[in-house]
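In what follows, a single structure is set out as structure tokens and then discussed.
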Amino acid sequence: MGEMRRRALSTAPAATAGFLLWITVFGFTLLGDMESSFGGGAPRAAFLDLDPSMVEPKWQARLFPEDADLNATVARTVPVEVHHRNSDFILFRTAAEPDRGDRLFDLSMDVVKGIVWCGSSCDP
């Protein structure tokens, strides 16, 4: 009986390592395709249709193209990367910003009038 117990204990590290490898591969595969609201890490590319009157003037120049009509009731943003969205707010970053440490914008969903999802990137 002692020999059987030693054999079981000697295979435990290999089984544990195999299980952890399986969980890691499965996790990355699954989380890569999940929407960020479910815990997935990849942001989604989109254009947002916003009410410009509800966006702070200091951020309008960064969120809207130069030719956008900011007096209209709805204006389309520059391409953005949406990191999280729920029924209350949306968390995003402008896609054209070269500095990845740049700020994330969070807006109430009352400001967002529409979302146009793109593939992996948006071409204006």
Hey, among S10, S36, which residue is at pLDDT below 60 and in contact with a strand residue (DSSP E or B) (Cβ under 6 Å, 6 or more places away or on another chain)?
S36
When segment 97-108 is checked residue by residue, the ones that are at pLDDT below 85 and surrounded by 11 or more Cβ atoms within 10 Å (Cβ to Cβ) are E97, D102, R103, L104
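Can you tell me which residue is modelled with the lowest pLDDT among those in segment 109-124 that are of a type outside the set (A, V, I, L, M, F, W, C) and touching a strand residue (DSSP E or B) at 6+ places or on another chain (Cβ under 6 Å)?
S121
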So the check is Cβ under 6 Å with 6+ separation or different chains; which pairs have a first residue in segment 110-122 that's not assigned by TED's automatic domain parsing to the domain that holds V82 and a second one that's surrounded by 13 or more Cβ atoms within 10 Å (Cβ to Cβ) and assigned to a loop (DSSP other than H, G, I, E, B)?
C122/P79
Going through segment 54-89 in order, the residues found to be surrounded by 14 or more Cβ atoms within 10 Å (Cβ to Cβ) and not in a loop (DSSP other than H, G, I, E, B) are Q60, R62, L63, A75, R76, V80, E81, V82, H83, H84, R85, F89
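The values are calculated or read from the model by the stated rules, or taken from the named source; none is laboratory data. Please read these numbers as outputs of a predicted model, since none were measured by experiment. Cβ: placed from backbone, ideal geometry, glycine included. Neighbour counts: every protein chain shown.
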